[in-house]
Amino acid sequence: MSSMIDPEIIEPSIDPETKKIGVRHVKATNAAGTRTKIQVRDFEPTYTDEPASLGGTNTAPSPLETVLIALVGCDGVIINGVANAMNFSYSGVDFASESQIDVRGPKGVPGIRPYFESGTLEITVYSDEPENRFRQLCKNVEFRCPVMNLLAAAKVDMIVTWVQRPASDYAGSVD
């Protein structure tokens, strides 16, 4: 079990011996420009584009911005799952993320990688839980988050900062 490796890592919330594949489907179309229309399940279409400074029409987030969207969205899901597994009480989470890329990479300059070089992610969790349980939550989220681990596997130098604030300070909404 994973907890035998590190006592801070909580037990899996699924049978670790039974493989269970999750499949995701996305369809998209691009009319020979920078703007792409994307369809996911039965949701309204979403779009990506590039800023005007990079030759786009600046009508939607860039594909790399959507990676950051995926990162904070995934962390939100994983925080919730880990918190439930730990019976960890929190009132909300705020995220702030940015990344750096050498734009020469996507323009084809040899030796320059075409994706993020580095980035930052600040996660503020509003909770009155003790410090040791907060640190355990953080460690388990980083262990489980698929998008965070994709960036780590790509050797993106991510600086992740976790902040704990009182539960009563949370003022956000996810209308």
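Structure notes:
- When segment 160-173 is filtered for residues that are among the aliphatic types (A, V, I, L, M) and either closer than 17 Å to Cys74 by Cα or touching a Cys at 6+ places or on another chain (Cβ under 6 Å) (or both), only Val160 remains.
- Residue selected from segment 1-42 under the condition farther than 21 Å from Ile78 by Cβ and in a loop (DSSP other than H, G, I, E, B), by the criterion nearest to the chain's Cα centre (by Cα): His25
- Filtering segment 45-73 to residues that are touching a Ser or Thr at 6+ places or on another chain (Cβ under 8 Å), surrounded by fewer than 17 Cβ atoms within 10 Å (Cβ to Cβ), over 30 Å from Leu137 (Cβ atoms) and of a type in the set (Val, Ile, Thr) leaves only Thr57.
- Lone qualifier among Lys27, Lys37, Lys20 - being more than 30 Å from Arg104 (Cα to Cα) and either of a type outside the set (D, E, K, R) or free of Cβ contacts under 8 Å to residues at least 24 places away in the same chain (or both): Lys20
- Every residue from segment 41-97 that is among the β-branched types (Val, Ile, Thr) and under 22 Å from Ile123 (Cα atoms): Thr66, Val67, Ile69, Val72, Val77, Ile78, Ile79, Val82, Val93
- Among the residues making up segment 74-96, those that are without any contact (Cβ under 8 Å) to a residue 24 or more places away in the chain, surrounded by fewer than 16 Cβ atoms within 10 Å (Cβ to Cβ) and under 18 Å from the mean Cα position of the chain (by Cα) are Val77, Asn80.
- If you go through segment 131-153 and pick out every residue that is closer than 17 Å to Val72 by Cβ and either aliphatic (A, V, I, L, M) or assigned to a strand (DSSP E or B) (or both), you end up with 7.
Every number here is computed from the coordinates shown, using simple stated rules; none is lab data. Being a predicted model, the structure only gives us computed values, none of them experimental. Glycine gets a Cβ as well: all are built from the backbone with ideal geometry, and neighbour counts include every protein chain shown.
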